[in-house]
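**Student:** I'd like to ask you about the structure that follows.
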Amino acid sequence: MSRPPNPARSRLLRRLAIGGALAALPALFLIAAWVWAGSEAARDLVLSRVLPRVESRLGPVSIGDTWSVGPRGVVLGPVELRGPGIVAGAPPLLTVQRVIVRPRWLQVLRGRVELEAVILEDPLLELGPRASRRDAVESLLRGAEARDAAGPDPAGARATSPLPKLFLEDAILGLGEGITLGPVALRVEATREPRGLLVSAELTGLEGTARGRLGRRDGGGWHVEATWQGLALDPLAAALRPGLLTGGGTWGELTLEGDRVRFEVTVADTELTWARLSNEPIGPWRVKLRGTGSQDPTTGQLRLPGLEVVLGAREKVKLELSAAVPPGGEGDFELSAVLPPTSLQELLVALPDALAPREDVGHIDGPLAATLEARGPLEDRAAWEVEAALDLQALRQQARTFGSSPLARPFLHRPLVDEEARGRQLQVGPENPFFVPLGEVPRVLIRAVLLSEDSFFFTHPGFDVPSLVRNLLTPKEGPVVRGGSTLTQQLAKNLYLSREKTLARKAREALLTIALEASLPKERLLEIYLNVIEWGPDVYGLGEAAWHYFAKDARLLTAREAVFLATIIPNPIRYHGYCSKNALTPVWEERMADLIAKLASAGDLDPVGEAMARFERLSFHHRPRDEAFFFPIDTDAMADDDGSGAVP
């Protein structure tokens with residue numbers, strides 16, 4: 001028996017059928033939209049509306065044939081952005097294999113198009129060789145400025161709609177000449193806040209991570225915060241100079257608020273490769289740079305009033321700096337550097353092994369201090385004004401109070417005969433019959449050597465600072481490091497170093513010079529110098545030189561003979577070849593005459609002694625060492641008509 005129709009039930013079923021059909025319409029619409037979006041017509045429509053706006057700001061853009069719609073969003077590619085101003089034939093500024101544009105699907109169902117994320121797969125930003133990188137970056141900035149200048153759209157959508165996230169996967173930065181930086185992953189999120197725009201970014205890759213926040217207030221300036229940990233230096237350094245730094249990493253933080261900046265950057269466990277520094281990589285280095293700065297809004301001058309450079313893991317060596325740099329590299333700069341009282345041993349520990357002669361310095365310790373002031377036009381080094389000072393007084397006092405240098409007593413020395421090898425063993429002391437104590441050296445010879453090589457030996461701290469300043473202000477060409485040296489510097493080189501002309505050797509020489517000046521009195525330094533320096537082929541020390549050239553004891557040298565020996569110190573091997581012919585060149589004669597005039601002007605030669613020095617005929621004998629004979633000499637009875645006397 002059939003059940004009679006139920007009107008209420010029928011009405012309910014009809015309503016459910018109608019409701020289901022209505023509920024399915026959005027899904028059907030979405031499916032239809034999805035199918036249409038993947039069509040050629042949709043591609044042409046979208047690109048015709050989007051490309052002109054992009055190209056008006058960033059230059060020509062080309063998009064490949066890839067076009068599809070899937071769960072991840074709209075996929076297109078490859079995309080090439082040439083950038084404004086890029087010359088024909090040059091590689092595109094930006095190449096992306098695939099761009100995935102992911103909409104907010106819920107908003108699509110509501111009839112609104114909002115982007116949730118934009119994903120760039122395998123992007124390559126090609127900045128090109130170093131000379132063109134600035135132009136490439138400026139082209140991107142001009143595009144950004146054009147976008148900002150466009151202002152909000154008429155409907156105000158830019159001010160109200162959420163901003164999409166940006167993901168770069170396996171991104172590569174091309175720097176030209178086969179140099180690349182990457183791959184890295186970059187995540188960028190932007191939000192609009194009541195006070196303006198805030199952009200957050202996170203980078204992973206290069207063996208480290210970096211995070212940053214960038215904000216721009218409406219009508220105001222930029223605010224930037226960035227931190228990074230353990231980023232590998234090799235690829236980063238390639239952006240500045242390929243092969244300059246190898247190994248190691250960098251850590252740091254930076255805050256930029258308008259025209260003010262605060263930063264702290266640490267570089268650790270890296271090696272520096274630079275021909276002027278050394279023939280081999282130097283490291284490991286650990287350097288921290290921190291400070292604050294600001295830019296004058298009127299002049300554009302960058303002022304860095306509180307910089308600090310910290311060397312070594314112990315952070316005991318700190319260099320205090322302040323600087324003012326003109327905009328664009330044109331105009332006057334100012335630089336002030338202060339090394340506060342710092343332990344010599346702490347300085348040695350903070351430097352790489354190749355720069356720190358720790359074994360040769362031994363346990364000599366105490367505080368040293370230095371200052372440097374420089375100013376002038378940045379582009380004209382010859383016009384700079386430079387003042388420098390080195391204070392070793394406290395170091396001398398402590399070093400001589402708590403220890404004694406092994407050089408204060410007789411010692412053994414092997415002179416350098418070529419770049420690395422050392423020759424026969426010398427006894428520097430009374431046991432060597434050729435050794436001449438300083439008190440027995442003719443005064444005229446001492447004065448001739450000082451006037452010729454180092455006039456301020458007894459007053460400077462081991463360095464002729466004015467001469468160093470002049471070398472700094474004179475541009476040099478090539479990898480060779482040149483510059484006049486004091487007697488103490490020459491002694492440090494003769495006792496410990498090779499003949500390599502690099503900054504690394506100069507650094508070791510400087511530290512050894514400080515140690516020598518701190519641990520020995522000037523008279524002992526001069527005595528060692530005169531008894532170990534080279535005066536000719538396999539001729540070392542004043543005693544050997546006097547016998548080799550004149551077959552006499554050094555104590556009996558005449559003024560002209562003393563002047564002759566002083567003039568051959570700069571290049572004894574070369575000058576030995578000249579004098580072996582028993583005749584001096586006119587240039588050499590002129591050099592000797594000039595030195596004799598200086599001795600007379602300084603009161604070291606009276607008129608009679610000057611005349612004898614000028615007109616005496618030199619008689620060379622070139623006698624070998626094993627033919628020498630020695631006899632006691634009464635130095636108190638030595639004639640004084642050649643100007644000899646007490647050591648100054």
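FYI, it's all coordinate maths here, none of it is from the lab. Keep in mind the model is a prediction, meaning the values are calculated, not measured. FYI the Cβ positions are ideal-geometry reconstructions off the backbone, even for glycines, and counts take in every protein chain you see.
**Student:** Can you list residues whose amide H is under 5 Å from Thr486's amide H, if they're 5+ apart or on another chain and H is modeled 1.01 Å from N?
**Tutor:** The answer is Asp464.
**Student:** Output wanted: per-residue J couplings in Hz (rounded whole) for the range 543-560, from phi through Karplus 6.51 cos²θ - 1.76 cosθ + 1.60, θ = phi - 60°, x for Gly and Pro.
**Tutor:** x, 5, 5, 4, 6, 5, 8, 10, 6, 9, 6, 4, 5, 9, 5, 7, 4, 5
**Student:** Then there is this: Residues in the range 415-444 near a label at Ser404, defined as backbone nitrogen under 16 Å from the 7 Å Cα→Cβ point?
**Tutor:** From the range 415-444, the list is 429-430.
**Student:** Compute, for the range 404-637, the length of the dipole vector about the Cα centre, with Cβ point charges of +1 (Lys, Arg) and -1 (Asp, Glu) only. Units Debye, rounded to 20.
**Tutor:** In debye, rounded to 20, the range 404-637 gives about 600.
**Student:** Hey, which lysines would be in cross-link range of Lys316, C-alpha to C-alpha under 26 Å, not counting anything within fewer than 8 residues on its own chain?
**Tutor:** Leaving aside lysines fewer than 8 places away in the same chain, those within reach of Lys316 are Lys288, Lys506.
**Student:** What distance in nm separates the two pseudo spin-label positions at Val417 and Leu556, each 7 Å out from Cα along the beta-carbon direction?
**Tutor:** 3.1 nm
**Student:** Follow-up question, since we're still on this one. Contour minus end-to-end for Arg260 and Leu618, with contour as 0.36 nm per residue of separation and end-to-end as the Cα-Cα distance? Spell out each step's value before the answer.
**Tutor:** Details: separation 358, 0.36 × 358 = 128.88 nm, distance 7.11 nm.
Between Arg260 and Leu618, full extension yields 121.8 nm more.
**Student:** By how many nm would the segment from Asp538 to Ser200 lengthen if fully extended, with 0.36 nm per residue of separation less the alpha-carbon distance?
**Tutor:** Difference between extended and current length: 114.6 nm.
**Student:** Note down the nm distance, to one decimal, between modelled labels 7 Å out along Cα→Cβ at Ala583 and at Lys501.
**Tutor:** Using points 7 Å along Cα→Cβ, the separation is 3.1 nm.
**Student:** So if R0 is 35 Å, what FRET efficiency would Asp391 and Thr292 give, r being the distance between their Cβ atoms, rounded to the nearest 0.05?
**Tutor:** 0.80
**Student:** Same structure again: For the range 236-317, take the convex hull of the Cα atoms, compute a quarter of its surface area, and give me that in nm², please. List each step's numbers first, then the result.
**Tutor:** Numbers: hull surface 27.7 nm².
Dividing the Cα hull surface by four gives the mean projection, 6.9 nm².
**Student:** Modelled label-to-label distance, Asp65 and Glu116, 7 Å Cα→beta-carbon offset: nm?
**Tutor:** For the pair Asp65/Glu116, the computed spacing is 3.1 nm.
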